Amino acid sequence: MTAGRGADTVVVGGGLVGCWTAFFLARRGQRVTLVDKGVVGAQSSGVNFGNLRLQGRFPGQYPLSLRAQALWEDLPGLIGEPCEYDRCGHLYLAMNDDEKRKLDGYAEVSASYGLDIEHVGPAALQQRWPWLGGKVVAATYSARDATANPRLVTPAVARAARRAGATIIENTRVTEIERRGDDFLVRTEAGDDIPCRSLVNAAGAWAADIARWFGEDTPLFPAGPPQFVTEPFPYRIVPSVQTIDGTVIMRQIPRGNVILAGYPRTAVDPVGNRAPVPPAKTLAGMYHLGQLVPMLRDCHVIRVWSGIEGYLPDMLPVIGASAGTPGLFHAFGFCGHGFQIGPGVGLCLSELIVDGSTATPLDPFAISRFDRPVAVSEKLGREFDPRTAH
Amino acid sequence: MMTLATTRVVIIGAGPAGIRAAETLAQAGLRPILVDEGRLPGGQGYRRPSAGLALDMDALLGTQAAKYRALHARFAELAPAIDYRPETLAWAVHEGTLHVARDGAAATLPFDALLIAAGAADRVFPVKGWTLPGVFTLGGAQVILKDQGCLIGRRMVFLGSSPLLSLAALQYRQFGADVAAICDTTPLREKLLAAPALAPAAATALRGLGYLARLRRDGVPMFSGTTPLAIEGRDHVEAVRFRLGDGEERVIACDAVAFGYGLKPETQLAELAGARFGYDPVFRLWGPNLDADGRARPGLYLAGDCAAIGGADAAEASGTLAALALLADLGGEVTHRERRDMPRLRREVARYRSFQKGLARAFAWPGSRGATAIADEVELCRCENVTAGDIRAAIAADLGPVDVNRVKAITRCGMGRCQGRMCGPALQEIAAAASARPLAEVGRLRGQAPVKPLAIGSAAAPA
Ligand SMILES: Cc1cc2nc3c(=O)[nH]c(=O)nc-3n(C[C@H](O)[C@H](O)[C@H](O)COP(=O)(O)OP(=O)(O)OC[C@H]3O[C@@H](n4cnc5c(N)ncnc54)[C@H](O)[C@@H]3O)c2cc1C
Ligand SMILES: Cc1cc2nc3c(=O)[nH]c(=O)nc-3n(C[C@H](O)[C@H](O)[C@H](O)COP(=O)(O)OP(=O)(O)OC[C@H]3O[C@@H](n4cnc5c(N)ncnc54)[C@H](O)[C@@H]3O)c2cc1C
């Protein structure tokens with residue numbers, strides 16, 4: 001059956017990226033239909049750590065990342081809900097001289113894109129953040145970094161997209177997409193056929209299948225960063241805190257709970273939709289957290305979780321037009337940092353679709369880079385469990 | 001190859017089910033590890049008073065005293081033959097390893113087979129004022145009495161619907177409390193209709209009637225078919241307000257309330273260990289899928305109230321049965337004992353559990369009608385201060401959630417320290433009523449490690 005009305009664009013995937021894309025397209029007057037196999041914002045986008053970190057990103061991503069941050073900073077204006085966006089700052093910590101060199105290198109890059117990075121020595125650190133234990137030799141602080149509540153954001157963006165005119169279809173899997181001349185026919189498991197001019201593949205860790213339907217192979221693999229949360233206790237830790245080796249990525253929400261994420265990432269099952277957390281990872285995270293913030297040792301962990309995130313071997317996402325199919329656009333493989341850039345990705349895609357181009361450089365994220373073997377990131381060995389499928 | 005002597009079996013829970021399972025395994029030549037987070041063996045129903053406390057357990061347990069003594073005598077005899085680890089919390093199960101914490105330190109126990117006998121927890125249904133100091137769950141009130149010899153108040157109201165309502169009231173009276181009222185929410189008419197379903201365990205049913213007769217003889221005010229309206233008080237419980245079946249409103253002064261609506265299996269560990277779950281329309285709960293002997297999957301066995309609510313007698317029988325099943329699965333020859341005992345035990349367990357289904361009707365869970373009646377301002381999740389109205393508003397929103405795990409993600413209901421153990425069943429009812437779906441369709445809160453809070457400082461440096 002062909003659905004009553006066709007669309008200018010169909011977005012496959014109602015994560016943060018798909019929902020922002022639908023939102024911006026609808027605002028540009030496009031007829032947009034977004035389809036998700038589950039409910040919006042229930043996968044990576046709804047379970048992530050909530051960091052909107054600007055420090056230490058891939059240099060070529062700064063224009064996109066800063067554009068995204070400006071959107072986050074205007075969240076209530078854009079979608080009408082604040083979603084606990086909190087400009088809490090981000091503290092990056094080096095525990096030895098090697099790490100300090102790395103930290104200084106990151107800071108230099110960040111600063112060159114106009115980010116305000118403050119270098120904080122050990123003495124000042126103790127004064128400003130007296131709960132820090134451990135042997136921190138150097139730190140950088142970025143005040144513009146922020147956090148938001150991932151559980152709230154994506155549904156709020158989807159609601160705003162709907163108000164702007166987008167059609168949101170939940171609990172419906174896209175099973176097949178046919179090329180019809182210059183158009184597409186998107187087929188769902190419900191038996192609906194939705195004709196459209198443009199197609200966005202924002203299917204998260206499941207997106208490689210859709211790219212493959214159009215002959216584009218990517219080495220996407222799923223993995224889950226283990227997280228845990230503690231019981232609430234008085235709010236004292238304002239910035240989000242990260243050691244440069246990734247053993248501790250933590251923040252305290254104003255309600256009082258401490259959330260921790262830490263490498264290495266673990267194996268997940270995107271078919272069974274499971275992301276189990278091995279207890280050994282939880283214990284390792286607890287140990288490192290207790291070392292870094294000794295006052296937390298008597299605080300209790302109440303729950304662990306993870307999510308199904310798509311990774312690529314160079315630790316960079318795919319964002320942009322398909323290399324072989326005009327009208328098809330990809331945005332997936334966000335390698336654990338798609339929450340921050342999500343709104344920017346949606347905005348850029350809407351420009352690519354409506355205007356045919358965007359001022360934000362996206363070249364490093366072209367899908368065509370996989371035509372040749374890509375340089376594998378050194379993070380792959382360090383930050384992933386050997387049992388992940390990479 | 002796995003032999004009996006080298007097979008590592010871990011049992012979680014030293015209540016009647018776990019003790020009987022350990023005994024059966026030890027008799028077959030195994031030396032199981034028995035972990036329990038409590039200080040003393042015995043579990044809930046047969047909880048032993050803390051050391052140095054001379055409680056008159058005969059008075060407290062009445063007709064159950066002999067079974068209580070027998071179980072503790074069994075344990076004393078058994079102790080040297082097993083590896084018993086009290087004050088040891090099981091907090092996760094993952095790929096053949098049980099993760100425990102004891103004395104503030106985390107440790108691991110690899111196993112070949114796991115037998116979970118973690119018991120049950122109180123099932124509560126919120127009423128305005130239920131978070132006031134002085135309000136306890138029914139089981140909690142019993143625990144305080146048995147464990148510490150303390151009363152939760154001097155003038156008590158017992159509220160809800162549960163066979164333990166009258167038992168607990170009697171126990172409190174025995175220790176000097178004044179019972180101001182027992183307010184059962186199930187109408188007498190429904191209790192009578194459920195009577196035939198209680199036949200499978202006539203003795204137990206008669207025991208329950210005996211409790212009621214004693215309370216009546218002692219002049220304790222008892223009401224059935226009540227609708228609780230509020231637990232009132234400024235900083236502490238001062239009164240219970242409720243409506244009688246004929247519409248009359250009553251206020252009864254008291255300084256403590258024990259309330260509950262029966263029990264629900266503690267299933268988080270089973271879930272982490274890979275058990276599958278099914279919806280039970282009688283209890284309106286999700287329970288583990290098991291065969292008649294308690295097998296959940298290869299190497300995983302469940303017994304006692306964590307498998308299905310059955311009470312202490314069913315716990316003992318199902319503990320023995322699950323252990324015999326485990327032994328049979330180890331591939332040893334089927335012993336005389338298995339051939340002789342397993343069919344009898346199966347019948348016994350089935351009988352007790354079907355009796356519990358009868359009880360579930362005689363002491364009804366408020367269900368969807370109760371959920372609809374809860375006022376918006378009533379707090380549902382006391383850890384995160386989420387009200388019934390918050391749940392309804394989230395569900396009514398555009399693109400609002402249906403599944404309870406999504407409701408939790410949006411509202412924080414069930415996200416706190418108890419992880420929904422307290423509010424989960426009522427959350428399911430409110431979510432189903434608010435979204436006009438059958439209860440089974442809104443799902444159940446998924447369990448995750450740690451099944452109980454775990455101190456950050458209990459982790460040692462990773463290897
Ligand atoms: C535990 C965890 C912590 C993280 N922490 C951070 C962080 O702190 N900061 C940060 O910036 N990033 C973080 N990330 C990464 C970030 O969450 C993701 O990069 C981002 O959410 C990706 O969004 P998405 O929309 O591409 O994918 P998703 O949210 O996965 O959405 C994809 C959607 O596509 C749907 N779908 C898939 N296939 C089909 C189909 N065939 N038909 C219909 N629908 C389909 C899925 O159901 C899903 O809803 C974290 C990720 C995880 C898992
Ligand atoms: C609070 C409460 C009070 C009760 N009071 C009575 C009563 O007075 N009279 C009566 O007849 N029945 C009572 N019951 C009913 C009781 O469930 C049964 O009578 C009987 O005790 C069930 O036996 P069991 O072996 O299945 O579980 P239990 O006797 O409950 O034993 C389970 C054991 O597992 C342990 N355990 C649970 N989780 C973990 C974990 N994660 N790590 C380590 N150990 C764990 C517990 O400490 C407990 O000792 C009560 C139930 C509850 C929940």
When you look at residue A:237, is it more than 13 Å from every other protein chain (Cβ to nearest Cβ), buried (at least 19 other Cβ atoms within 10 Å of the Cβ) and assigned to a loop (DSSP other than H, G, I, E, B), yes or no? yes
Looking only at residues in the stretch A:64-106 that are without any contact (Cβ under 8 Å) to a residue 40 or more places away in the chain and part of a helix (DSSP H, G or I), which one is nearest to the chain's Cα centre (by Cα)? A:70
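Specify the residue that is nearest to the other protein chains (Cβ to nearest Cβ); the eligible residues are those in the stretch A:61-96 that are closer than 25 Å to residue A:206 by Cα and in contact with a helix residue (DSSP H, G or I) (Cβ under 6 Å, 6 or more places away or on another chain).
Residues of the stretch A:61-96 that are closer than 25 Å to residue A:206 by Cα, as a first pass: A:61, A:64-65, A:68.
With the extra rule that they be in contact with a helix residue (DSSP H, G or I) (Cβ under 6 Å, 6 or more places away or on another chain), the set shrinks to A:64-65, A:68.
Details: A:64: 27, A:65: 26, A:68: 23 Å.
Ranking the qualifying residues of the stretch A:61-96, first place goes to A:68.
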Out of (1) at pLDDT below 95; (2) within 11 Å of ligand 2 (Cβ to nearest atom); (3) within 14 Å of another protein chain (Cβ to nearest Cβ), the odd one out for residue B:62 is which? (3)
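For the stretch B:441-451, which residues satisfy the criterion of being in contact with a Phe, Trp or Tyr (Cβ under 7 Å, 6 or more places away or on another chain) and more than 9 Å from every other protein chain (Cβ to nearest Cβ)? It would help to see each step written out before you state the result.
Taking the stretch B:441-451 as the starting set, the residues that turn out to be in contact with a Phe, Trp or Tyr (Cβ under 7 Å, 6 or more places away or on another chain) are B:444, B:448-451.
Residues satisfying the conditions are B:444, B:451.
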Those strands (runs of 3 or more DSSP E) completely within the stretch B:77-180 that have 1 or more residues that are closer than 26 Å to residue B:373 by Cβ and either away from chain A (no Cβ under 14 Å) or free of Cβ contacts under 8 Å to residues at least 12 places away in the same chain (or both) are B:120-122, B:135-137, B:155-160
Those residues of the stretch B:430-463 that are within 19 Å of residue B:102 (Cβ to Cβ) and outside any loop (DSSP other than H, G, I, E, B) come to a total of 5
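Pick from the stretch B:181-196 the residues that are more than 17 Å from residue B:160 (Cα to Cα) and aliphatic (A, V, I, L, M): which of them is surrounded by the fewest Cβ atoms within 10 Å (Cβ to Cβ)? Show your work before the answer.
The initial filter retains those residues of the stretch B:181-196 that are more than 17 Å from residue B:160 (Cα to Cα), namely B:192-196.
Next, only the ones that are aliphatic (A, V, I, L, M) stay: B:192-195.
Details: B:192: 10, B:193: 12, B:194: 19, B:195: 12.
Within the stretch B:181-196, the match that is surrounded by the fewest Cβ atoms within 10 Å (Cβ to Cβ) is B:192.
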Just need a number here: residues in the stretch B:382-403 that are under 25 Å from residue B:282 (Cα atoms), crowded, with 23+ Cβ neighbours inside 10 Å and within 13 Å of chain A (Cβ to nearest Cβ). 0
Mind telling me which of the residues B:66, B:90, B:141, B:106 ends up being under 30 Å from residue B:179 (Cα atoms) and touching a helix residue (DSSP H, G or I) at 6+ places or on another chain (Cβ under 7 Å)? B:141
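Just a yes or no: is a residue in the stretch B:233-252 at positive phi and more than 16 Å from ligand 2 (Cβ to nearest atom)? Write out each step before concluding.
Narrowing the stretch B:233-252 to residues at positive phi: B:233, B:247.
The next check asks that each one be more than 16 Å from ligand 2 (Cβ to nearest atom); those that pass are B:233, B:247.
Taking every residue of the stretch B:233-252 in turn, at least one turns out to be at positive phi and more than 16 Å from ligand 2 (Cβ to nearest atom).
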Quick check on the stretch A:146-164. Is at least one of its residues in a loop (DSSP other than H, G, I, E, B) and polar (S, T, N, Q)? yes
Residues being under 20 Å from the mean Cα position of the chain (by Cα) and either outside any loop (DSSP other than H, G, I, E, B) or not charged (D, E, K, R) (or both) - total across the stretch B:247-267: 10
Is it the case that residue A:157 is buried (at least 21 other Cβ atoms within 10 Å of the Cβ), touching a residue at least 12 places away in the same chain (Cβ under 8 Å) and within 21 Å of the chain's Cα centre (by Cα)? yes
Of the conditions (1) at the interface with chain B (Cβ under 9 Å from one of its Cβ atoms); (2) in a helix (DSSP H, G or I), residue A:229 fails just one. Which one is it? (2)
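What residue, among those in the stretch A:304-318 that are closer than 30 Å to residue A:258 by Cα and surrounded by fewer than 24 Cβ atoms within 10 Å (Cβ to Cβ), is farthest from the chain's Cα centre (by Cα)? I'd like the intermediate steps shown before the answer.
Let us first name the residues in the stretch A:304-318 that are closer than 30 Å to residue A:258 by Cα, namely A:304-312, A:315-317.
Narrowing the set further to residues that are surrounded by fewer than 24 Cβ atoms within 10 Å (Cβ to Cβ) leaves A:304-305, A:308, A:315-316.
Working: A:304: 19, A:305: 16, A:308: 11, A:315: 12, A:316: 11 Å.
By that ranking, first place goes to A:304.
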Restricting the stretch B:268-292 to residues that are part of a loop (DSSP other than H, G, I, E, B) and within 14 Å of chain A (Cβ to nearest Cβ), which is farthest from ligand 2 (Cβ to nearest atom)? B:276
Note on the stretch B:303-324: residues surrounded by fewer than 24 Cβ atoms within 10 Å (Cβ to Cβ) and small (Gly, Ala, Ser) are B:311, B:312
Evaluate the stretch A:213-220: report whether one residue or more is farther than 23 Å from residue B:459 by Cα, among the aliphatic types (A, V, I, L, M), within 13 Å of ligand 1 (Cβ to nearest atom) and assigned to a loop (DSSP other than H, G, I, E, B). yes
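Mind checking which residues of the stretch B:336-371 are over 30 Å from residue B:431 (Cα atoms) and without any contact (Cβ under 8 Å) to a residue 12 or more places away in the chain?
Across the stretch B:336-371, the qualifying residues are B:336, B:339, B:340, B:343, B:344, B:347.
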Residue within the stretch A:319-330 that is closer than 27 Å to residue A:258 by Cβ, in contact with a Phe, Trp or Tyr (Cβ under 7 Å, 6 or more places away or on another chain) and either surrounded by 24 or more Cβ atoms within 10 Å (Cβ to Cβ) or within 14 Å of chain B (Cβ to nearest Cβ) (or both) present: no
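From the list B:436, B:432, B:463, pick out the single residue that is out of contact with any strand residue (DSSP E or B) (no Cβ under 8 Å at 6 or more places or on another chain) and within 14 Å of another protein chain (Cβ to nearest Cβ). Lay out the reasoning, then the answer.
On the way: B:436 fails: within 14 Å of another protein chain (Cβ to nearest Cβ); B:432 fails: within 14 Å of another protein chain (Cβ to nearest Cβ).
Among B:436, B:432, B:463, only B:463 is out of contact with any strand residue (DSSP E or B) (no Cβ under 8 Å at 6 or more places or on another chain) and within 14 Å of another protein chain (Cβ to nearest Cβ).
The values are calculated or read from the model by the stated rules, or taken from the named source; none is laboratory data. None of these values were measured; they are calculated from a predicted model. All Cβ positions, even for glycine, are placed from backbone atoms using ideal geometry, and neighbour counts span all protein chains on display.
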